[in-house]
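Worksheet for the structure shown next.
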Amino acid sequence: MASLVGSRVERKEDKRFLTGKGRYTSDINIVNQTYAIFIRSPHARAKIKKIDTSKASKAPGVVDILTGEHIAKDKIGGLIAGWAIRSEDGSEMKCPANPPLAKDNVNFVGDPIAVVFAETLDEAKAAAELVKVDYKILKAVTSLADTMKSETIHEGIDKNMCYDWLLGDRQKVKEAFDKADKIIKLDITNNRLIPNAMEPRACVVDYNTASEEITCYTTSQNPHLSRLIMSAFGGVTPENKLRVVAPDVGGGFGSKINLYNEEIVCSWAAKKIERPIKWVAERTESFLTDTHGRDHITHAELAVTNDGKFLGFKNETIANLGAYARVFGTVTPTYLFGPCATGVYVMPAAYTNVKAVYTNTAPVDAYRGAGRPEATYTIERIVDKAAIELGMDPIEIRMKNFPTEFPFKQTLVHQVDSGDYVGGLNKAKEMSDYDGFATRKKESESKGKLRGIGVTTYFEACGIAPSPVVMMLGCGVGLWESAEVRFNPTGQVTVYTGSHSHGQSHETTFAQIAADELGVPIENIDVVHGDTDKGTFGMGTYGSRSLAVGGIAIVNACKKIVTKGKKIAAKMLEASEEDVEFKDGEFVVSKSNKKKTIGEVAFASYLPGVRDEVKSPLPEGEEPGLVESSFFDPANFSFPAGSHICEVEIDPETGEVKLDKYTAVDDFGTIVNPLIVEGQVHGGLAQGIGQALYENAQYDQTGQLITASYMDYTMPRADNFPEFNIGYTCTKATTNPLGVKGCGEAGTIAATPTVMNAVINALGGREISLPATAEKVWKACKENKKSKAEAA
Amino acid sequence: MKKVSLEINGKKVTKEIPDHITLSSFLRDTLNLTGTHIGCDTSQCGACVVHVDGKSIKSCTALAADLEGSKITTIEGLAKNGKMHPMQEAFKKTHGLQCGFCTPGMIMSAVDLLKSKKNPSDTEIRDWLEGNICRCTGYQNIVAAVKEAASKMKS
Amino acid sequence: MKTFNYHSAKDVKEASKLASSSSAFLAGGMTTIPSMKLGLASYKDIINIKNIKKLSGIKVTSKNVTIGATTKHVEVANSKEIKKALPSLASLAEGIGDPQVRNRGTIGGSIANNDPAADYPSACIALNAIIHTNNRKIDAENFFRGMFETCLKKTEIIEAIEFEIPQKSSYQKLPNPASRYAVVGVYVAKHKTGINVAVTGAKACVYNDKDLAGALKKDFSSSAIDKVKILSSGMNSDIHASADYRANMVKVFAKKAVDAC
């Protein structure tokens, strides 16, 4: 049987999506459901003086109106940060309480303060307008640069600072800088982004008055974690009485990792009002209240020798957490950011210092790449700046500083098990026709256009495990993953995974893996995920970890199935276990033609007997059935890497940037399904390019989000992109049996610096901030023209 | 309330509906045709695209009451006798979808393109899809799907 | 959105009679419906005028192109007659919104709404349009009053827009990357009787740039525009484009339009 791992298998899950039969949370309706509308703060920072619901509660169709007072009375807990980060001085991070409905203070526009339940959506909306809230408006803290000098947002959190964190060795860096020929300095802003999964958040909650079980259907990347937090921290109901289902989910990109206010409130309230509740966010609500991404200000310095060798690096960053610290909010700018700060280079000394601060804006959390894009952007921009200042080619300076031997002990934390950075960059150079750039530049110039080329080489740390390491670093849970593989008596297989697919194609790739391991046709394998009542437990999907952690749990569970199956087969075939081999779905007695298929073994395991004879196929002491589970905790993170090269053409008259060519060469280790991996790369690139050229979440001084719709927040569209040129190199991960590394975030991590390096190259090295909008580029062109004229 | 009679996916439908409900809400909430999705409030994402009298429109920006007598095709009506439309097949073949949320609108829009342009270029496809936002795919495999469908539908 | 009474008028008279200070006519609904959904507008009565046959259609003569108010953008974009007689107008229509907007949005709706960044108002100014309503004929220069404001009365219905066919013309725009509306759009038209340079997107309301027109009158070339100084005062300034940038883009796109004429 040909191996399915490595082949372009079309997706098993596609048919339902293509025919309109997908079942997303907002498609679910429960008889007798009520509709929830949340009343949200229109102010970025205010004290709630009074909430008057008297008029609203008499409005037609209103079932109930609940506020923060009710939450407090019922002792419902709030939202939490999942990682405890310690400051350089040893003190613990400072996090404010984040109640599901604000009772005393609101801290960003969109902060929910009350909820109306009514018989119809229109009635709920009409009643919500009648709720009168008296606010004392306070001055909002919105400028990231000034936050530490501003008024204190949360009582007891001085300078609005959550932590002041250090990774690395300041003294060593100082020594390295003292030896340098040149210090390259760079100040950058990593702009705030809004993830914008196309499916707005939603939840539908049912309460069973007989069993007292709450079922919450929700748009989540990790239903088990949501259940855990709702039970353990929210106190909504014990875990065994709470079922969280994340059915088809329309994209997440990090924004659906978090448990949100609405899910806690609706789950708690469904029990309280004894009615099902449906809540679906409008896009504007999503803009205001989904967790946002990025938002750093960074000062970086790179110490180099005159011939381009790196000696040391420092990264001083202020990271915006928004109004509250959420699940991955505190780790994204620390352990997901700091260790990757020195990129793919041999860097004798380095440190990263991050001050994470609160502002009166939406909470900032993981967004595709989470920390690694910000780290990569900084190092890749400063390396390019070094090349410019030293008069070197951007490829040459990178090659000069690559490690050539693996495992590679990266400066700050990671032990990178495998890679081939030189091979990857050479391949990208060839595929992009790097050497032909000069000719293409001339052609552009003959049309009055500018052309630039940009290079990025990156690595990332994904998988976000092993558990003992992440828990040592402050993670509140272990980041293993679980799987259960169940044979039915009639031979089909159901694979339960704790990972969650919201576009990643687990139903196909995980079935490919199981099909190879078990020798069962892929058609007979179903992958089930997203329901706490079905799978044992799961940590969910983020950090490109599904395959490298969740996929391996499936491999291991399958291996256990084969081990047990072999024992049963041996008994059935009257052979010794050592003589039985498993291959292509069959247990074969060596040097004979005696065999049993795994289906026959499964059947026998469930029906262990025959008529008229007391005879079991099961060996002594073996239990009936063929079901195995595995909890996999890898030995290390996994380290995808790659080299991207792109070219842009700029119209200096308008400043419009056209992305003309884009080449990506990535090393994801073993590729299970190239069709799906290409899709992941394309999508990642689009988001990274979006940050470089289009997307920018902006608040005004009063804390109003001024990019709260697709009229103002630029979502990349089909006509913004060229056809991407994709290639791979492969060095297998040594820390898992498949050799896989992860591919979900790579494109996003690499694309932003690649495009910006190209834009800045076209502008003759003139710095420009993210995103490179037409007006900014136009201004830079004008300034270049002016300085040229002055020089002449 | 208004009584409207229209044809949806080949079936005559007559319903008493509130004057102000949109076609998307009528399809999803009244008829349980939840394949038509709502992704924004400003008529831009295109997840709700359906065909009205053969032309693609955004169903979130049309009143159901306004469509008396129209023939409407939604994503649920595209497959015939259990066989998917060549555009649906092409999206599967080229991996033109990931989370699937924008997909119904994307497909309905792409089917409309091929009505007027049998053999569109990459640029024409990308321009046509201006009203459909996808956050997952980077559009490349969607463009490939439309080309694949065009070539299948020609032969 | 908030509830209203929906009416479908069979003729202009009925539509006009149904209208009040709390009603809106509904053609394509491309602005009206989203505005109601977002709670920016609410009406007691919505009066559909799409079923009034006489409001739709295209008529082309040697001098004029006349387009019925409820004619859809797609019909203008695809009209063989318009493409031949006034290609710049067909191409403007082809560049409005996205295909689904063009399949439903109407010319009358666009100009009655008078969005400062809409495309059609610039065509009206550049092409000396006459707006035919159920009561009167209005010259385009008197029609557009300010941001989202026209001289239309509440019961007045646009029936058709009559454009004058110029000797040469072109419309060029810089689209807003998010909304795809015009950051700046410039419609240059050279008529026997004079030159119009209609600018949309740049200010609160579409306008005819007399300085640019004057320069082109002397010398109809893009280099003539180089000498014109465009002031940024009065220009829109927002997160997508500053007033200074817009002022410069008026020039750049005027040049592009002249070159494309």
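Checking each residue in segment A:55-67 for being in contact (Cβ under 8 Å) with a residue 24 or more places away in the chain, surrounded by fewer than 21 Cβ atoms within 10 Å (Cβ to Cβ) and over 18 Å from residue A:271 (Cβ atoms) picks out A:55, A:57, A:59, A:60, A:61. Among the residues making up segment A:410-461, those that are open to solvent by 20 Å² or more (accessible area, probe 1.4 Å), modelled with pLDDT of 95 or more, over 14 Å from residue A:663 (Cα atoms) and of a type in the set (Ser, Thr, Tyr) are A:439, A:446. Taking residue B:70, is it closer than 28 Å to residue A:280 by Cα and out of contact with any Lys or Arg (no Cβ under 6 Å at 6 or more places or on another chain)? No: the conditions fail for residue B:70.
Run down A:731, A:773 and say which single residue is within 14 Å of chain C (Cβ to nearest Cβ) and β-branched (Val, Ile, Thr). A:773 is the lone residue from the list that is within 14 Å of chain C (Cβ to nearest Cβ) and β-branched (Val, Ile, Thr).
Looking at segment A:636-646, is at least one residue within 14 Å of another protein chain (Cβ to nearest Cβ) and surrounded by 20 or more Cβ atoms within 10 Å (Cβ to Cβ)?
Taking segment A:636-646 as the starting set, the residues that turn out to be within 14 Å of another protein chain (Cβ to nearest Cβ) are A:644, A:646.
Restricting the remaining residues to those that are surrounded by 20 or more Cβ atoms within 10 Å (Cβ to Cβ) gives A:644, A:646.
Yes, segment A:636-646 contains at least one residue that is within 14 Å of another protein chain (Cβ to nearest Cβ) and surrounded by 20 or more Cβ atoms within 10 Å (Cβ to Cβ).
Looking at A:329, A:254, A:322, A:293, which is the one that is of a type in the set (Gly, Ala, Ser), touching a His at 6+ places or on another chain (Cβ under 8 Å) and under 30 Å from residue B:47 (Cβ atoms)? Lay out the reasoning, then the answer.
Working: A:329 fails: touching a His at 6+ places or on another chain (Cβ under 8 Å); A:254 fails: touching a His at 6+ places or on another chain (Cβ under 8 Å); A:293 fails: touching a His at 6+ places or on another chain (Cβ under 8 Å).
Answer to the selection: A:322.
The rows are residues; the columns are (1) within 12 Å of another protein chain (Cβ to nearest Cβ); (2) under 18 Å from residue C:146 (Cα atoms); (3) touching a Phe, Trp or Tyr at 6+ places or on another chain (Cβ under 8 Å).
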{"residue": "C:177", "(1), (2), (3)": "yes, no, yes"}
{"residue": "C:187", "(1), (2), (3)": "no, no, yes"}
{"residue": "C:206", "(1), (2), (3)": "no, yes, yes"}
{"residue": "C:214", "(1), (2), (3)": "no, no, no"}
{"residue": "C:218", "(1), (2), (3)": "no, no, no"}
{"residue": "C:229", "(1), (2), (3)": "no, no, no"}
{"residue": "C:239", "(1), (2), (3)": "yes, no, no"}
{"residue": "C:258", "(1), (2), (3)": "no, no, yes"}
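State whether one or more residues within segment A:374-383 are in a helix (DSSP H, G or I) and either within 22 Å of residue A:733 (Cα to Cα) or in contact with a His (Cβ under 8 Å, 6 or more places away or on another chain) (or both). Yes, segment A:374-383 contains a residue that is in a helix (DSSP H, G or I) and either within 22 Å of residue A:733 (Cα to Cα) or in contact with a His (Cβ under 8 Å, 6 or more places away or on another chain) (or both). Counting only helices (runs of 4 or more DSSP H) that fall entirely inside segment C:84-161 and contain at least 3 residues that are surrounded by fewer than 24 Cβ atoms within 10 Å (Cβ to Cβ), the qualifying elements are C:87-94, C:140-143. I'd like the full set of residues that are outside any loop (DSSP other than H, G, I, E, B) and either in contact with a His (Cβ under 8 Å, 6 or more places away or on another chain) or more than 7 Å from chain B (Cβ to nearest Cβ) (or both), limited to segment A:1-25. A:15, A:16, A:24, A:25, listed by residue number. Out of B:61, B:30, one residue alone is polar (S, T, N, Q) and surrounded by fewer than 24 Cβ atoms within 10 Å (Cβ to Cβ). It is B:30.
Of these, C:189, C:213, which one is in contact with a Pro (Cβ under 7 Å, 6 or more places away or on another chain), in the same structural domain as residue C:249 (by TED's automatic domain parsing), open to solvent by less than 20 Å² (accessible area, probe 1.4 Å) and under 21 Å from residue C:257 (Cβ atoms)?
Numbers: C:213 fails: in contact with a Pro (Cβ under 7 Å, 6 or more places away or on another chain).
Matching residue, one of C:189, C:213: C:189.
Yes/no matrix, rows are residues, columns are (1) assigned by TED's automatic domain parsing to the domain that holds residue B:137; (2) out of contact with any strand residue (DSSP E or B) (no Cβ under 7 Å at 6 or more places or on another chain):
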| site | (1), (2) |
| --- | --- |
| B:22 | no, no |
| B:39 | no, yes |
| B:56 | no, no |
| B:96 | yes, yes |
| B:109 | yes, no |
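The residue of segment C:24-66 that is most open to solvent (accessible area, probe 1.4 Å), among those that are assigned to a strand (DSSP E or B) and within 13 Å of another protein chain (Cβ to nearest Cβ), is C:25.
Among the residues that make up segment A:421-428, is at least one of them among the polar types (S, T, N, Q) and within 32 Å of the chain's Cα centre (by Cα)?
Restricting attention to segment A:421-428, the residues satisfying the condition of being among the polar types (S, T, N, Q) are A:426.
Filter again for within 32 Å of the chain's Cα centre (by Cα), leaving A:426.
Looking through segment A:421-428, at least one residue is among the polar types (S, T, N, Q) and within 32 Å of the chain's Cα centre (by Cα).
Flag not set for residue A:696, criterion: facing chain B (nearest Cβ under 9 Å), open to solvent by 20 Å² or more (accessible area, probe 1.4 Å) and under 19 Å from residue A:749 (Cα atoms).
Report yes if some residue within segment A:234-247 is free of Cβ contacts under 8 Å to residues at least 12 places away in the same chain and either within 14 Å of chain B (Cβ to nearest Cβ) or not in a loop (DSSP other than H, G, I, E, B) (or both); otherwise report no.
Filtering segment A:234-247 down to residues free of Cβ contacts under 8 Å to residues at least 12 places away in the same chain leaves A:238, A:240.
Subsequent filtering for residues that are either within 14 Å of chain B (Cβ to nearest Cβ) or not in a loop (DSSP other than H, G, I, E, B) (or both) retains A:240.
Yes, segment A:234-247 contains at least one residue that is free of Cβ contacts under 8 Å to residues at least 12 places away in the same chain and either within 14 Å of chain B (Cβ to nearest Cβ) or not in a loop (DSSP other than H, G, I, E, B) (or both).
Residue count for segment B:111-155, restricted to those that are open to solvent by 20 Å² or more (accessible area, probe 1.4 Å), more than 14 Å from the chain's Cα centre (by Cα), within 13 Å of chain C (Cβ to nearest Cβ) and more than 30 Å from residue A:367 (Cβ to Cβ): 3.
Within segment A:352-404, the set of residues being hydroxyl-bearing (Ser, Thr, Tyr) and either buried (at least 24 other Cβ atoms within 10 Å of the Cβ) or within 23 Å of the chain's Cα centre (by Cα) (or both) comprises A:352, A:358, A:359, A:361, A:367, A:376, A:377, A:378.
Every residue, every condition in (1) facing chain A (nearest Cβ under 7 Å); (2) touching a helix residue (DSSP H, G or I) at 6+ places or on another chain (Cβ under 6 Å); (3) open to solvent by less than 10 Å² (accessible area, probe 1.4 Å); (4) assigned to a loop (DSSP other than H, G, I, E, B), yes or no:
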site: B:41; (1), (2), (3), (4): yes, yes, no, yes
site: B:45; (1), (2), (3), (4): yes, no, yes, yes
site: B:50; (1), (2), (3), (4): no, yes, yes, no
site: B:76; (1), (2), (3), (4): yes, no, no, no
site: B:87; (1), (2), (3), (4): no, yes, yes, no
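Against the criterion of being in contact (Cβ under 8 Å) with a residue 40 or more places away in the chain, open to solvent by less than 50 Å² (accessible area, probe 1.4 Å), touching a Gly at 6+ places or on another chain (Cβ under 7 Å) and within 14 Å of chain B (Cβ to nearest Cβ), residue A:82 does not qualify. The single condition among (1) under 30 Å from residue A:361 (Cα atoms); (2) crowded, with 23+ Cβ neighbours inside 10 Å; (3) not aromatic (Phe, Trp, Tyr) that residue A:22 does not meet is (1). Considering segment A:473-503, and only residues there that are in a loop (DSSP other than H, G, I, E, B) and within 21 Å of residue A:3 (Cα to Cα), the residue that is nearest to the other protein chains (Cβ to nearest Cβ) turns out to be A:492.
Only one of these is touching a residue at least 60 places away in the same chain (Cβ under 8 Å) and either within 14 Å of chain B (Cβ to nearest Cβ) or among the small types (Gly, Ala, Ser) (or both): A:28, A:48. Name it.
Details: A:48 fails: either within 14 Å of chain B (Cβ to nearest Cβ) or among the small types (Gly, Ala, Ser) (or both).
Of A:28, A:48, the one residue that is touching a residue at least 60 places away in the same chain (Cβ under 8 Å) and either within 14 Å of chain B (Cβ to nearest Cβ) or among the small types (Gly, Ala, Ser) (or both) is A:28.
From the residues in segment A:280-310 that are within 14 Å of chain B (Cβ to nearest Cβ) and in a strand (DSSP E or B), which one is farthest from residue A:62 (Cα to Cα)? Here the answer is A:293. Restricting to segment B:64-74, and then to whatever is open to solvent by less than 20 Å² (accessible area, probe 1.4 Å) and part of a loop (DSSP other than H, G, I, E, B), can you tell me which residue is farthest from the other protein chains (Cβ to nearest Cβ)? So the residue we want is B:70.
The values are calculated or read from the model by the stated rules, or taken from the named source; none is laboratory data. Quick caveat: nothing in here was measured; it's all calculated off a predicted structure. Counting neighbours? That spans all protein chains shown, and the Cβs are built from the backbone with ideal geometry, glycine included. Ligands, DNA and RNA are excluded from the accessible area calculation, which covers all protein heavy atoms including side chains. Shrake-Rupley method; radii C 1.70, N 1.55, O 1.52, S 1.80 Å.
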